[in-house]
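Enquirer: Structure provided below as structure tokens; questions to follow.
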Amino acid sequence: MEEREVEERVVEIEHPLPCLSESDTQGIIKGRDLFGYVGIEAVLDQMRRKTMKAGFEFNIMVVGQSGLGKSTLVNTLFKSKVSRKSCTPNYEEKISKTVHLQSVSHVIEEKGVKMKLTVIDTPGFGDQINNENCWEPIVKYVNEQYEKYLKEELNVNRKRRIPDTRVHCCVYFLPATGHWLRPIDVEFMRRLGKIVSIVPVIAKADTLTLEERLEFKQRIRQDLQANGIRVYPQKEYDEDAEDRILNDKIRENIPFAVVGTDKEHQVNGNKVLGRKTKWGIIEVENVAHCEFAHLRDLLIRSHLQDLKDVTHNIHYEAYRVKRLNESNANGLALSPLILENGTLEKSDRKPILTDVCRTVTGQAYGCM
Amino acid sequence: YIAETILTCDFQDKQYVGFATLPNQVHRKSVKKGFDFTLMVAGESGLGKSTLVNSLFLTDLYKDRKLLNAEERINQTVEITKHTVDIEEKGVKLKLTIVDTPGFGDAVNNNECWRPITDYIDQQFEQYFRDESGLNRKNILDNRVHCCLYFIPPFGHGLRPVDVEFMKALHEKVNIIPLISKADCLTPNEVKKLKDRVRDEIERFGIKVYQFPECDSDEEEEFKQMDKELKECTPFAVIGSNTVVEARGQRVRGRLYPWGIVEVENQSHCDFVKLRNMLIRSHMHDLKDVTCDVHYENYRAHCIQEMTSKLAQDNRTDSPLPLLPLPTPDVETERLIKMKDEELKRMQEMLEKMQQQMHEKDQ
């Protein structure tokens, strides 16, 4: 407030004070119309400094059959040994009899920015002869994290920063068969797509030629559409035209065909991450070879914050609304969590749900 | 005629009888008759089975195939499909039958997904058994499965539960040759690791895969060396291709990637050549022999035992005498009884067949 008054006195009044003209229909006063430099954009700097001090949290879940390269890919993405495989002493690669989830957390730092990265692994998924309901432990886990956050939020004395263990992104690994989605893929993505952002990837894609890769991707996209599966970035959540253009480009390319490795080789005098075979070296970060770079850009460089926002504003809110609706039937207290399979298919509640959802999301986007 | 033979004897060495030409005679007869071979391919969808079969026999057996999508697959059960093709090379005819198993291992719940496959193999044995015991044995159709190529995905860390269960269900009915499929996604180190791991697990779980017969000690050194190399290379890591690409100035079967060209017939790239040599050029006949002498005989003995024990059971329960504990006959008499029962059964079957044929003739 003081700064403003000083500026007014110093600068000579040459133009009338900015006011809303007829042409200015949006009601926003643009920077060039302002009477001098106000310094609003310094807010961005303040935000940056605060977040850098506080750090980010990011929780990523990897799901897929054993041997599809999940741990290697996560290590390659974050250029450090963050997977469960690298952290457990005496790690043995054997197939476990049940699906259980294990999470490993690390704090990684880059250019002063700290990130607390949690990788949630799902060993045993899809490895048995009978894989019915192997997705249930995963659905349960995701809902439990939402429940934890909800309980903390509803507390009278709540922490300043609620610890966020919600799953921000679920990377689902598809084996590079070249045909279609398998029944287990459809079942899993159909259920999880409603409660978490799924990013499907084609694993070990160095067994597909470029034509095969294109055909496979097309078929997968058709399959996803035919089964009503929504993967990230979801069309409904595009905020404006700019987002839509960017996300459309991504949507035309998913699922990304990736290859992961932690070994380096010499190619043309440079050290590159790659896999060396008798017929050539597959460079992981070369976009002509595989789409690892696109995946990394999506997950980390451009859409990391968006993933968190979608989880918080959409998936979490949907869960919250559902739970609160349940509690309203039982009085004001939050009813005990009934373990269901995480779908919002209660037909009698549907109309209420979508309306409440919209108002809630509207509010969430309105406030900063 | 006799004069001719005496003449030839005089011309050649007196000790030379002439039956050394027998292999040639057999050869000539077989060439005229032609060979047949039934090969089964099993494994999940998308492991390159069709492509490999096409590459092995240089044909396009799956031209008009339509792939099912995920919705259709949710309700799919394991099917057995057969394609037969007649191949001729240098005057030798081969009637090749490929038995495919679409749907194996694709569902969410794959409990006992090998059941249709074991049933099929047993059915072929049963059909051959009946034909063999019949009266007209001139034109028996041999549909028995001589070899089963089982495709192990390269994506895992070794054998998965479904692989182990499948092979254990089939190893006493058919010759199993495990293969590591789509080996172009593995580096040489990874191939070696996976092969060691699979060999270990095969031994640990007691799976009896097809063993190459030992070389005779009087074979050539080169052959013995080749044989040894072959044995150490199992399970074969294979790559198949339906396309021909240009590599190193030649047109070869291969796969074109942005990072290089994989040549299917290049031994340093994959074991396809070894598999083809083994399957077709050196061990095809042995595979058929083992099927006839071991697997089929096991089935036959098992079948007969079951039949006789059933008969014996039936006879005892039908007895009008009070159920006093019968004195158990000693082993020798039991064996004689079994033999007589077998003969009786065979006679009965032959009688039935004769009656049927007479019936048909009358009509």
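Enquirer: Give the range B:89-116 a look and list any residue that's more than 14 Å from B:C148 (Cβ to Cβ) and either more than 14 Å from chain A (Cβ to nearest Cβ) or touching a Phe, Trp or Tyr at 6+ places or on another chain (Cβ under 6 Å) (or both), or say none.
Expert: B:E89, B:K90, B:G91, B:V92, B:K93, B:L94, B:K95, B:L96, B:C113
Enquirer: Please state which of the following conditions B:L279 fails to meet, knowing it meets all the rest: (1) under 21 Å from A:G178 (Cβ atoms); (2) in contact with a Leu (Cβ under 9 Å, 6 or more places away or on another chain).
Expert: Going through the list (1) under 21 Å from A:G178 (Cβ atoms); (2) in contact with a Leu (Cβ under 9 Å, 6 or more places away or on another chain), B:L279 breaks only (1).
Enquirer: Which of the residues spanning the range A:277-305 are within 18 Å of A:N75 (Cβ to Cβ), within 10 Å of chain B (Cβ to nearest Cβ) and either basic (K, R) or touching a residue at least 40 places away in the same chain (Cβ under 8 Å) (or both)?
Expert: The answer is A:I282, A:C290.
Enquirer: Give me the residue from the range B:117-145 that is within 16 Å of the chain's Cα centre (by Cα) and either among the β-branched types (V, I, T) or within 14 Å of another protein chain (Cβ to nearest Cβ) (or both) and, out of that set, surrounded by the fewest Cβ atoms within 10 Å (Cβ to Cβ).
Expert: B:T118
Enquirer: Is at least one residue of the range A:216-232 free of Cβ contacts under 8 Å to residues at least 60 places away in the same chain, out of contact with any strand residue (DSSP E or B) (no Cβ under 9 Å at 6 or more places or on another chain) and either under 20 Å from A:T261 (Cα atoms) or among the hydrophobic types (A, V, I, L, M, F, W, C) (or both)? First the steps, then the outcome.
Expert: Residues of the range A:216-232 that are free of Cβ contacts under 8 Å to residues at least 60 places away in the same chain, as a first pass: A:216-231.
Next, from what is left, pick out any that are out of contact with any strand residue (DSSP E or B) (no Cβ under 9 Å at 6 or more places or on another chain): A:218-219, A:221-223, A:225-228.
Pick out the ones that are also either under 20 Å from A:T261 (Cα atoms) or among the hydrophobic types (A, V, I, L, M, F, W, C) (or both) and you get A:226.
Yes: one or more hits.
Enquirer: Identify, from the list B:G254, B:G260, B:G240, the residue that is closer than 19 Å to B:S55 by Cα, within 11 Å of chain A (Cβ to nearest Cβ) and at pLDDT 85 or above.
Expert: Numbers: B:G260 fails: closer than 19 Å to B:S55 by Cα; B:G240 fails: within 11 Å of chain A (Cβ to nearest Cβ).
Testing whether each residue is closer than 19 Å to B:S55 by Cα, within 11 Å of chain A (Cβ to nearest Cβ) and at pLDDT 85 or above leaves just B:G254.
Rundown of residues vs (1) more than 17 Å from the chain's Cα centre (by Cα); (2) modelled with pLDDT under 90; (3) among the aliphatic types (A, V, I, L, M); (4) surrounded by 15 or more Cβ atoms within 10 Å (Cβ to Cβ), yes/no style:
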{"site": "A:D164", "(1), (2), (3), (4)": "no, yes, no, yes"}
{"site": "A:C169", "(1), (2), (3), (4)": "no, no, no, yes"}
{"site": "A:R182", "(1), (2), (3), (4)": "yes, yes, no, yes"}
{"site": "A:V199", "(1), (2), (3), (4)": "no, no, yes, yes"}
{"site": "A:P233", "(1), (2), (3), (4)": "no, yes, no, yes"}
{"site": "A:E236", "(1), (2), (3), (4)": "no, yes, no, no"}
{"site": "A:A257", "(1), (2), (3), (4)": "yes, no, yes, yes"}
{"site": "A:G269", "(1), (2), (3), (4)": "yes, yes, no, no"}
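Enquirer: With (1) more than 11 Å from chain B (Cβ to nearest Cβ); (2) more than 22 Å from the chain's Cα centre (by Cα); (3) of a type outside the set (F, W, Y); (4) in a helix (DSSP H, G or I) as the list, and A:K159 as the residue in question, which single condition is left unmet?
Expert: Failing condition for A:K159: (4).
Enquirer: Could you grab me the full set of residues in the range B:169-217 that are part of a loop (DSSP other than H, G, I, E, B), in contact with a Ser or Thr (Cβ under 7 Å, 6 or more places away or on another chain) and within 14 Å of chain A (Cβ to nearest Cβ)?
Expert: B:K182, B:T187 - these are the residues of the range B:169-217 that are part of a loop (DSSP other than H, G, I, E, B), in contact with a Ser or Thr (Cβ under 7 Å, 6 or more places away or on another chain) and within 14 Å of chain A (Cβ to nearest Cβ).
The values are calculated or read from the model by the stated rules, or taken from the named source; none is laboratory data. Remember, it's a predicted structure, so these values are computed and weren't measured experimentally. Because the Cβ atoms are built from the backbone with ideal geometry, glycine has one as well, and the counts that use them run over all protein chains shown.
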